[in-house]
Every structure is written in structure tokens, then in C-alpha cells.
Amino acid sequence: METYDCVVVGSGFGGSVAALRLAEKGLSVAVLEQGRWVTPQAVERADKSLRRLMWAPRLGCTGFFSQTFFKHVVIVGGVGVGGGSTVYAAVLLRPKSGFFKDPAWSSLGVDWEQELASHYETAEKMLGVTTNPSLDVMDAYLEETAQLMGAGHTFGPVRNGIYFGNPLETVSDPFFGGEGPPRTGCGLCGDCLSGCAKGAKNTLDKNYLHLAMRKGAKIFPERKAVKIEPSPSGGYIVHTAHPVRSLQRCPSFAAKKVFLAAGVLGTLELLFACRDTFKTLPDISLELGRVVRTNSEAIVAILSRASKVDLTRGTAISSDFYPDENTHITQNRFPEGFGFMKWYLGPLSDDKDPGRRARRTLLGFIRSPFAATASWRAKNWRKRLSVLTVMQSMDNRISLVWERSRLRPFGMGLQTRQDAGASIPSYLPVANEAARVFAKVAEGIPLNVLSESVGNLSTTAHILGGCHMGRSPEEGVIDTNHQVFGYPGLFVVDGAAVSANVGVNPSLTITAMAERALSRI
Ligand SMILES: Cc1cc2nc3c(=O)[nH]c(=O)nc-3n(C[C@H](O)[C@H](O)[C@H](O)COP(=O)(O)OP(=O)(O)OC[C@H]3O[C@@H](n4cnc5c(N)ncnc54)[C@H](O)[C@@H]3O)c2cc1C
């Protein structure tokens, strides 16, 4: 058994903030991360091999990009030291004020907008947020799309956590007065989503985790937390396993305080297992998993008809606009390693009824097989593709529950459940409208993701909630200080704690909320 003052489970945004801020307080800190270190070599290999990109340990894939299929949603994420920052597009935006005023958490006696303001500033400084200085052809298409949709005034470059020094030139730490690692300027290769081999993206190993290690925090890659139990001497014992080699024995970790930051799926899996399977934390609120949000996301794509264009110059996401008060749209450049996604795209089809929409899509294949399979056959696919991520700040949700499934009849696992009331959408009319307008501007073919149009499954990179805040365990899983009701010293500091729909890319908010939580410990 290893003993620390604090154990942090997961090394994404929430976990990295916890690691640094606890280490700064002079506490001994162990960070447990199920994935590996994502080295530049690993990133380069992943661009050429799906097996090295994907994280699916049971299938022998030990990369750093995960795709989890549920009945109602497909969730993509990052696995490795740095969590989602390894694969994210580094768009770091503050939400609109409706997020802070959402009754889901504004009724808890905290003025969130005022309270989080200074923590957003800290988060922006730590993550090196700056306005993207480089717009290219795809951004010009998006700007014209915004204008044609009557929202030209909302178009602009996004705020990115990327080092835009001289392209590909390495300099000593430009961010932390010499305490950070050397950095290389962004070469605008558009590869951010499968990792940044050049080191220009401000991934968490280059800021929070780097500084935490300098202060003595220890990071344990390939250590999956599988069970937490109260320790007879106070605090908790965290049991671990190797995520791939199940027979390998791994030590347990004892700590006075435990910070859960394993991302929504990791944190919920651990808490459900401890409450319902091992019964080591039986008093966790029955609200666990009840309010999970997807940022109301939809993804559409446009394939240019011109086979020789190259739209990849720039960061993965460099510009955005707001077609209406509730909707936010960004463009995306896909990296080489995402070539498998060409098979996910099919004809654009509209219908509020999922069954009819699926039939329309299949009819599209029959009526115009050439256009419908354009993505599958496209040469130079990546360079011709523009992807739009469409997010809404609407109040909709699903639940994650702990059940057996047909695929896993002998073990329990997370499953999604659609609750009565506002369910998460797999069809956003405004997303299809934007795809059509963009396609006209770019002389391209608008496409839907087939899991959305045929499978009625929304796809999200922005899963949030599941451990929402409340005044009591009857109302929520954690209090406004992020402490789990009934378990002093056990905290949730990742996306699972986000208790309302952010409506924009959420990592800056997760970081700011974790900064606030840690400032109170
Ligand atoms: C392709 C893609 C692009 C994105 N782009 C953006 C963007 O531009 N801007 C933005 O704001 N957001 C973006 N996101 C979303 C963003 O990555 C997530 O919202 C964010 O990473 C969530 O942070 P987190 O702290 O909740 O956990 P995560 O960052 O998900 O980290 C959780 C970590 O915990 C580890 N873990 C899980 N279970 C265990 C366990 N039992 N034991 C030990 N470790 C465990 C995981 O391996 C993971 O490394 C993107 C996501 C994807 C997939």
C-alpha cells in the first residue's frame, strides 16, 4: 500500500488542476491515470495506425482516443496523461451568462458568474488562451455561411490554448517564467484532434501537470482506479488495476482526501461500482447519473467537390459563430488519423421523427448512390472535408444507470436511459441548415453522420454532469464545494460536476470550476 495526503483519479482538466493546487499546498499527491503518456512518437504512430490511435484495451488497442457507444449517444474522449487535452481542439471559451443563471444550479445560493470570474482568468492564463491569429480558406467559408444565415456579426476567430510562436521554432518556456517546458510554435497542420506531435498545443502535461510534478506530485500512468473504500484509519483506500494486463498486481493507495477526475464516464463508473457492486460507498446519492448532458451537440460535414483543394491549413478549430441565441457553431479540420470516419458520413436528411429520418437517409442511398457515397469514395478526403460542430445551450439530458446489458449479461456497466422531459437531440435542424449553406459557399456536398441520421444516436465530445450539485443528497450528488454528500474528503472535480448546459466547448469551464473547488480546500 502506498500512502499519500491526496489521490487524484484521472489526469484530464479537473485532475490536473487538483494535482497542481494540492502539490502547491505542500501535500503529497499521487495522480492515477489509466492511459499512457502520449509522446510525440505515439502521436505520429497514431496518425498512421487506427490500432495505435484508439483506446479499446479489450480489443488490444491502447491508443488515446476513445469512442464509447451507448443506446442513445456515442461519446468520444481522450485517454492518457493529460486526459481529453491530448485530443482536444484547444478551443477555450467562456459560456454565455445563461449558463451561470441556469436554475439547475443558480438556486444553490452561489452567484456563479461572479464567483467563477477570477477562476476563469486563472484558467485562461494557465492554459495559455489567446485569440487564434490565423484564419484560412475553411474559415472564410464559415464566415460567408454566418453572413448568409444572418449572423455575420457573430463570426470571429476562436480563443485557443495553443502556442502561436514562430512556426515550428522551439523556444524556452514562454508561459511560466522559465518553470514550464520548452515550446514549439504551431505549424498550422490541422492535426490537433489526434494529438500534437510538434508540441504546440497547450496540453495539460505542458502546464498544470508539468508544474505539479515540479512541486513533487507523482503521476502513475496505466493505473486504473477500480474501487474506493473508507479506510479504518480515516480517509480512503483506492484500489487499482492495470487497464490492459488484468493479472498484473497493482498497489493500493491510501489518502486522507480523494479527488475524482476520471471524466464523466470514469467517475460515474467508479462511483456506481462502489455504491452498487462493492457497496463500499453505499450512501452515495440516488441522484448519481441522473442529469447527464451532451451540450446538445450535432456534427455535420461538407465534402468539397474539388478534388485538389486543401482546407487543412490552420488549427483544428479556428473560428465560430452563433446563428441564434442558443446555438454555437465551429468548423473542424480532421487529422490524417481520422480517415476511418469517412465511413461514418452519408447523405444529409431532415425529419424530426427518427424512424422517418432513417428511411429518408436510406432512400438517399438508393436515389442518388453516387452523391450519397461521396465521402466513402473520396480521394484526398481529409483535405476536402470541413466538419461543423453545432452546440446548443438547451435544457436536455439523459441518465446514466448501472445495469447489465445484452452485450454484457454477466457484469454491470454504464447504460444510458432516456428520461421523460427534454431528451438529447440527434437531429438539430439548424445544423443541417448550416451544412447546406456551407456546402453552397464551398461548392461541396453536405453530409450527416450516419449514427445520427440512421441510428438516432447523437455524437458528443462534450459529455457533462452525472454528479450534479444540490443542497442535500436528495437533490444532488455533491455540494457546492464539490464534496460528495455523506463522504467527507471525497470530491468530484471534473466534467461530472458541471451542473448546467455550458453551450460552448466545456474544458475552460471544467478548469475554472476545479480551480474554485481547490481554492476552497
Ligand atoms: C476530439 C475531441 C475534441 C475536443 N475539443 C474540445 C475543445 O476544443 N474545447 C473544449 O473545451 N473541449 C473539447 N473537448 C472536450 C474535452 O476534451 C472534455 O470536455 C474534457 O477533457 C473533460 O475533462 P475532464 O476533466 O472531465 O476529464 P478528461 O479530460 O476526460 O480526463 C479524464 C481522464 O481520466 C482517466 N480515467 C478514466 N477512468 C479512470 C480510472 N478509473 N482510473 C484512472 N484514470 C481514469 C481517463 O483516461 C482520462 O485521461 C474535445 C473532446 C474530444 C474527444
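The values are calculated or read from the model by the stated rules, or taken from the named source; none is laboratory data. Just so it is clear, the model here is predicted, and its values are computed rather than measured. Glycine gets a Cβ as well: all are built from the backbone with ideal geometry, and neighbour counts include every protein chain shown. Surface accessibility is based on the protein's heavy atoms, side chains included, excluding ligands, DNA and RNA. Shrake-Rupley method; radii C 1.70, N 1.55, O 1.52, S 1.80 Å.
Quick notes on this one:
- Among the candidates 180, 187, residue that is outside any helix (DSSP H, G or I), over 24 Å from residue 94 (Cβ atoms) and not assigned by TED's automatic domain parsing to the domain that holds residue 507: 187
Conditions tested, residue by residue: (1) modelled with pLDDT under 95; (2) more than 15 Å from the ligand (Cβ to nearest atom); (3) of a type in the set (Lys, Arg).
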position: 153; (1), (2), (3): no, yes, no
position: 185; (1), (2), (3): no, yes, no
position: 188; (1), (2), (3): no, yes, no
position: 194; (1), (2), (3): yes, no, no
position: 199; (1), (2), (3): yes, yes, no
position: 215; (1), (2), (3): no, yes, yes
position: 240; (1), (2), (3): no, no, no
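- Qualifying residue in the range 193-200 (condition: among the charged types (D, E, K, R), over 23 Å from residue 508 (Cβ atoms), in contact (Cβ under 8 Å) with a residue 24 or more places away in the chain and open to solvent by 20 Å² or more (accessible area, probe 1.4 Å)): no
- Identity of the residue in the range 88-113, out of contact with any Asp or Glu (no Cβ under 9 Å at 6 or more places or on another chain), under 30 Å from residue 388 (Cα atoms) and among the small types (Gly, Ala, Ser), that ends up farthest from the ligand (Cβ to nearest atom): 90
- In the range 284-298, the residues that are in contact (Cβ under 8 Å) with a residue 24 or more places away in the chain reach residues that are among the basic types (Lys, Arg) with C-beta atoms within less than 7 angstrom, at least six apart or across chains, in these pairs: 284/275; 288/275; 291/397; 292/397; 293/397.
- Residue count, the range 477-493 (criterion: away from the ligand (no atom under 13 Å from the Cβ), assigned to a strand (DSSP E or B) and under 22 Å from the mean Cα position of the chain (by Cα)): 1
- Scan of the range 414-432 for residues that are crowded, with 18+ Cβ neighbours inside 10 Å and within 13 Å of residue 145 (Cβ to Cβ), ordered by number: 431, 432
- All of 512, 496 fail the test of being among the small types (Gly, Ala, Ser), touching a Gly at 6+ places or on another chain (Cβ under 6 Å), open to solvent by less than 10 Å² (accessible area, probe 1.4 Å) and part of a helix (DSSP H, G or I), apart from 496.
- If you go through the range 326-364 and keep only what is open to solvent by 50 Å² or more (accessible area, probe 1.4 Å) and either closer than 30 Å to residue 90 by Cα or touching a Gly at 6+ places or on another chain (Cβ under 8 Å) (or both), you end up with 326, 336, 343, 344.
- For the range 365-376, a tally of residues being open to solvent by 50 Å² or more (accessible area, probe 1.4 Å) and touching a residue at least 12 places away in the same chain (Cβ under 8 Å) returns 2.
- Some residue of the range 379-394 being in contact with a strand residue (DSSP E or B) (Cβ under 7 Å, 6 or more places away or on another chain), of a type outside the set (Val, Ile, Thr), open to solvent by less than 70 Å² (accessible area, probe 1.4 Å) and free of Cβ contacts under 8 Å to residues at least 40 places away in the same chain: no
- Any hit, the range 219-234, residues being at positive phi, surrounded by fewer than 21 Cβ atoms within 10 Å (Cβ to Cβ) and more than 11 Å from the ligand (Cβ to nearest atom): yes
- Applying the condition of being closer than 29 Å to residue 401 by Cα and open to solvent by 10 Å² or more (accessible area, probe 1.4 Å) to the range 289-325 and asking which residue is farthest from the chain's Cα centre (by Cα) yields 290.
- Applying the set (1) open to solvent by 60 Å² or more (accessible area, probe 1.4 Å); (2) assigned by TED's automatic domain parsing to the domain that holds residue 16; (3) not aliphatic (A, V, I, L, M) to residue 144 leaves exactly one unmet item: (2).
- When the range 402-438 is filtered for residues that are in contact (Cβ under 8 Å) with a residue 60 or more places away in the chain and more than 26 Å from residue 266 (Cβ to Cβ), the ones remaining, listed by number, are 427, 428, 429, 430, 431, 432, 433, 434, 435, 436, 437, 438.
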